[in-house]
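We did not get these values from a lab; they are worked out from the coordinates using the rules stated. Worth saying up front: this structure is predicted, and the values here are computed from it rather than measured. Here the Cβ is made from the backbone with ideal geometry for all residues, glycine too, and neighbour counts use every protein chain on show.
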Amino acid sequence: MLSRNWKTFAVVGLVVLGALLPVLIRNPYFLSVIMISYTWAIAVYGMNVLLGYTGQLSLAQAGFFGIGAYTVGVLTVTYEMSFWISLVAAVVLSSAVGFVVGLFALRTRNEYFAIFTLGVGIVIFLVIEKWESVTGGRLGLIGVPYPEPLTELSHLYYLIFAFLLLTIYVVASISRSLVGRGFVAIRNSEDLARATGINVGTNKQLAFVISTGLAGLAGALYAPNIGFLGPAIANVPITFNMLLYLLVGGLGSLSGPLVGALLVATLQQFLQQFQEYQLVIFGPILVILIIFFPSGLAGLWHRIGNRLASRRAGSHTEESEGEEEPTKMTPTKETR
Amino acid sequence: MSLFFQQLINGISLGSVYGLVALGLTLVFGVLRIPNFSHGALYMVGAYVTYFSLTSFGLPYIVAIAISAVVLAGMGVVLERLVFHPLRDMPHTHAMIGSIGVLLFLTSGAQLLFGADFRRLKSPLEGSISLFGIGINQQRLLVIVTSLVVMAGLYLFLKKTVPGQTIEAIEQDRVGASLVGIDANRVSMMTFAISAALAAVAASLVAPINLISPTMGDVVNLKAFAIIILGGMGSVPGAIIGGFALALAETFGSTYVSSDFGELVGFLFLVVVLAIRPSGLFSKGV
Amino acid sequence: MSNRVFRVALGVIVLVLMSGLAVACGGGGGSGDGGSGKQTVNIGYSGPLSGPAALYGENALNGVKLAVDEINKNGGVDVDGTATEFKIEALDDKYLPNEAATNARRLAQQSETPVVFVPHSGGIFAVQGFNAKPPTEFILAAYSSVPEILEADNPNTIMIPPRFDNYMEPFVKTEMDKFGKKLGLIPTKSEYGIQWTKQVTAEWEKQGGEVLKNNGVDYTSTTDYASPVTQALNEDPDVLFVGGPSQPTALVIEEARKRGFEGGFIVMDQAKFEEMETFTDKKNLNGSVGVFPTIDYPGPGTDQFVKYYEEKIGGERPPTSEVALNYQAMHIIAQAMADAGSVDDPKAIMEAVDGAAGEIKDEYRPYGIDGMTDDGHLNGPVIATQVEDGKYTELKVPQDQ
């Protein structure tokens, strides 16, 4: 199929462009904004696996981001360990904590799950803030070094870019696999999913661990990029920010997290003069999006694309994957 | 021993405020199954309305509280219509996200309008009275008494009046309630109105012993969530008992253990309780 | 598959568009106008302009603004034959260190600001990680009294306010002599409050006093101050150590007085008496030690400064030391640029600061700063205060060695 070839070509081209960005953009500040957006995007991909595909709202995402960031921070600053070992440790630790929390959290459903994870998020934040001897408390950790042997900003860019591509690849593979379809089935109806033989508990647990692991990875990459860690990065407002990125980009879509993080995080930077007005505007945007466009920009793009495609081809030839039309999510009808 | 009684009074007055805030949250949850994350922001707006009624219009304290309750009730209805009504048939996560949007809007809007300054509401009752050798601040006494009166009034309203019973009916059986002709829309608006008004009363009562600022609702909001989970979401007595329990745990936790512990205790308790009993302590076993 | 490809494509397109935008927006700063002998230099600021600390951030920013307005009104400073005016680029960092770091990078690289003011210790520590390294070196004008700022050994940092450890000895001595040996603690639990608490505790014990249990709470997130105050008073202290933002501090003091506490207060330098006065009865403050109210500060140019502040900013809020010290620091930096003959060589400017601090006109000196120490601290005689019968009397504070 011609169009498929064309699209593959486009993706390859854009990935190459992404790889060339440090050469094209000589301005280090702007590069660092993009790097931070990528980092958020990775954490938001995690959120998307859980919320967009599986339909569970976790409000502890920033907490796990914080666990990842502080693992790298503590290991590299206090124990002077290699960044690479710390990175692995960060992902393992955030996934492991995620696993344990999931065991309990996933016994709750819907709004209980959201509030339970809110509680978990606050506890993680408070522990980071109070555990002065390890985390530096409110003062934070200063001077997280660049990963050896990287020395320049552009090196770090490639590191983060590579992990972003890896994340997208992994999430894409999952969503295409049987497991991913299981997630979507759970989102649409837990009872129905159970009736068709899907192990709801295991699948939810898996989605939760993936989401916390990605949050931890994002945090681990954030640490050397900023070089300084304070407890605020693990606090609930950061989770709300991620939620905003995800909704603007598109709930349950593959490009949503990246688009949302790049667009909103960059806008937030450029609209800093209007800082006071930002949330006054972003708050209502969140409400409008969730009411009218829950599939975000990606959904909008998708709808336009569909319309054009069906007009041209005269027929509707979309693959009908559950994730494609989140607007049609059937409400969870379970009686608690 | 005097320390114990002093802290008991402090805990009870704090608990009655927590209870009022949690009541509003639990009512909305009971009727609409929405955890309204913007509840703390409504609380904050309520404090500002009282403040300006007092300072700009020179109204008496009690009148200012009443006005604040009425204004916030109106705001509650508007929110229900604009945000939560359109989201009623969507997945639960959507309504939660909508309420987060409202929270961000109200907090930043308040800062834009009123500035980030702390403001102080002067209490009309400055003195203190002595009971069994313990000095009790009159404002604190007012907080406790008013809260108890409001709680009792709400209880009577829910149990003894027709509109109140429609709320209870919907809480218990949505389908059955609509079968007997209860208008779910009206009940939903009414619930939001009552919920916001309760938050306004709580904020107006606590304002004289604390400060007013755009972020004053954040912490209370989180605590109210801990309370309604402990008390069983949707349970009115649960919210009241939970409010006092949390406040006393915090007060005595920081008195006899450490202030860090006092800060953490509520959320630790919340996580532990949910881990053991996923539907809360006093849930009705739905 | 095809849709995914499309969406990823969309993502990258957005990315490219944004980068285009950034490049277009970039390169604003330092616009010289070579021929006519005039130039405008951007001055950066990153501090809390929203959230609970916004008031503090605005005060610090106002100080810099007042100085810049004054300099520009007088036709700028003469840097190597070029009349140099200033323009402020202010960004909000919500009091978050990581945001401050991002902002400072942006200011230095986008707006080419040779100097960035940061008014909180977390942000200062974060910025110190890169402000003295290539590719972009810039001067960090650090407004925070935490002594660790100097220990970082960062050659491009100017620490503006008096370091708080210098207050300890006179504060502790005054209060202990006057009220007794038992110190109760109810400070705020910010990073800053924790640092202060450690130092006060150490000094109090050094002078032979007894320190009681720490009942500190986070002033900005506490719903009820009664409980920590009750606890602290239960141990029957002679002196209480309190402090955080002015307004909650006033409430804590009031609560203690209401419960019959008659001892003294050591007030952290973050809280200002002139602001507390508007929140609580002034007689509650009797017996306290703390920083001197700016309005009555016995500095060479305090009166002119207060008049100027009231003219330009006015309102209900009195000028505090945040305003005054940042104002003076900005004047010193401008003078240092003139002396160094450069607006963008951090090393040359840093070397000129010590001299410049003594050269600026008296009317630009609300405080007595007259030089800079080798480790980058603006130095001069510091006067604190003790409150007696509603009056602020002077209390001498030792200078840097």
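By the count of other C-beta atoms within 10 Å, a proxy for reagent exposure, C:Lys133, C:Lys38 are ordered fewest to most as C:Lys133, C:Lys38.
Across peptide B:267-276, the average count of Cβ atoms from other chains found within 10 Å of a residue's Cβ is 6.
The packing ranking, built from the mean of other Cβ atoms within 10 Å per residue, places the peptides B:251-260, A:142-151 in the order B:251-260, A:142-151, highest first. When both segment A:115-171 and segment B:177-196 are represented by their alpha-carbon centers, they are found 46 Å apart.
Send over the Kirkwood Rh of segment C:205-273, from the inverse of the averaged 1/r over different Cα pairs, rounded to one decimal Å.
Values: mean 1/r = 0.0804 Å⁻¹.
Roughly 12.4 Å, rounded to one decimal.
Under 18 Å between alpha carbons, and skipping anything fewer than 8 positions from C:Lys173 in its own chain: which lysines qualify? C:Lys173 reaches C:Lys181, C:Lys182, C:Lys198, C:Lys206, C:Lys396. Antiparallel beta bridges, as assigned by DSSP with both residues in chain C, represent about 30 percent of the total such bridges. From the helices alone, meaning DSSP H stretches of at least four residues, give me the mean residue ellipticity at 222 nm for chain C, per-run term -39500 (n - 2.57), in deg cm²/dmol to the nearest 500. My calculation for chain C gives -13500 deg cm²/dmol from helical runs alone.
The H on the amide N of A:Met81, modeled in the peptide plane, is under 5 Å from the matching H of A:Thr76, each at least 5 residues off or on a different chain.
Which far-off residues, 5 or more places away or on another chain, put their amide H under 5 Å from the one on C:Leu185, with H placed in the peptide plane? Distant-sequence amide H within range of C:Leu185: C:Leu212, C:Asn215, C:Phe241.
Pull up the DSSP beta bridges for the protein assembly as shown and report the antiparallel fraction as a percent, rounded to 5. Restricted to the protein assembly as shown, the bridges split so that about 40 percent are antiparallel. Sorting B:161-168, B:137-144, A:214-221 by average packing, meaning the other beta carbons within 10 Å per residue, from highest down gives A:214-221, B:137-144, B:161-168. For B:Lys122, the lysines whose Cα falls under 19 Å of its own Cα, not counting residues fewer than eight places away in the same chain, are C:Lys258, C:Lys282, C:Lys283.
The mean sequence distance of close C-alpha pairs (under 8 Å, at least 6 residues apart), as a share of the length of chain C, puts its relative contact order at 15 percent. Dividing the mean sequence gap of close Cα pairs (under 8 Å, 6+ apart) by how many residues segment C:227-274 holds gives a relative contact order of 50 percent. In order along segment C:155-167, phi translates into HN-Hα couplings of x, 9, 10, 10, 8, 8, x, x, 6, 6, 5, 5, 6 Hz, rounded to whole numbers, per the Karplus curve 6.51 cos²θ - 1.76 cosθ + 1.60 with θ = phi - 60° and x for Gly and Pro. Kirkwood hydrodynamic radius of the protein assembly as shown, from the reciprocal of the average inverse Cα-Cα distance over all distinct pairs: 29.9 Å. The fraction of Cα-Cα pairs per 10 angstrom bin, counted from 0 for segment B:1-101, comes to 14, 35, 28, 17, 5, 0 percent, rounded to whole percents. Straight-line reach from A:Lys204: taking Cα to Cα under 17 Å and skipping same-chain neighbours fewer than 8 places apart, the aspartates and glutamates in range are A:Glu111, A:Glu190, A:Asp191, A:Glu323, A:Glu334.
Counting beta carbons within 10 Å around each of C:Met330, B:Met90 and listing the fewest first gives the order B:Met90, C:Met330. Mean partner shielding of peptide C:101-110, defined as the number of other chain Cβ atoms within 10 Å of each residue Cβ, is 5.
Each peptide in C:358-364, B:261-267, B:203-209 was scored by the mean count of other Cβ atoms within 10 Å over its residues; highest first, the order is B:203-209, B:261-267, C:358-364.
For C:Phe86, nonlocal amide neighbours, meaning residues 5 or more places apart or on other chains whose placed amide H falls under 5 Å from its own, are C:Val41, C:Asn72. Here is the list for segment B:82-174: chymotrypsin sites (Phe, Trp or Tyr not before Pro) lying in DSSP coil, each with at most 11 other C-beta atoms within 10 angstrom of its C-beta, are B:Phe132.
Rounded to the nearest 500, the helix-only mean residue ellipticity at 222 nm of chain A stands at -23500 deg cm²/dmol, with each DSSP H run of n ≥ 4 adding -39,500 (n - 2.57).
Separation of segment C:111-168 and segment C:213-268, taken as the distance between their Cα centroids, equals 31 angstrom. When its C-alpha radius of gyration is set against 2.2 N^0.38 Å (N residues), segment B:153-286 gives a value of 1.21. Taken residue by residue and averaged, Cβ atoms of other chains lying within 10 Å of the Cβ of A:132-140 number 4. Its Cα gyration tensor gives chain A an equivalent ellipsoid. The semi-axes, each the square root of 5 times an eigenvalue, are 31, 26, 19 Å from largest down. At what distance in angstrom do the alpha carbon centres of segment A:71-109 and segment C:303-368 lie from each other? Comparing the Cα centres of segment A:71-109 and segment C:303-368, I get a distance of 47 Å.
Output the relative contact order of segment A:15-143, whole-number percent, from Cα pairs under 8 angstrom with separation of 6+ residues. Can you show the working numbers first?
Details: 97 pairs, mean separation 32.5, N = 129.
Reported relative contact order: 25 percent.
Would you mind checking C:Lys65/C:Lys87; C:Lys307/C:Lys361; C:Lys38/C:Lys133 for any pair whose Cα atoms are more than 18 angstrom apart? The pairs that break the limit, which is 18 Å between Cα atoms, are C:Lys38/C:Lys133.
Using the Kyte-Doolittle scale, which helices in chain B average at least 0.0 and also have C-alpha atoms spread 24 Å or more along the helix axis, with helices defined as whole DSSP H runs?
Values: long enough: B:2-32 (45 Å, 1.60); B:39-57 (26 Å, 0.85); B:61-79 (27 Å, 2.54); B:92-114 (33 Å, 1.27); B:138-160 (32 Å, 1.22); B:184-206 (33 Å, 1.50); B:236-256 (30 Å, 1.11); B:259-276 (26 Å, 2.12).
Counting only whole DSSP H runs, the qualifying helices are B:2-32, B:39-57, B:61-79, B:92-114, B:138-160, B:184-206, B:236-256, B:259-276.
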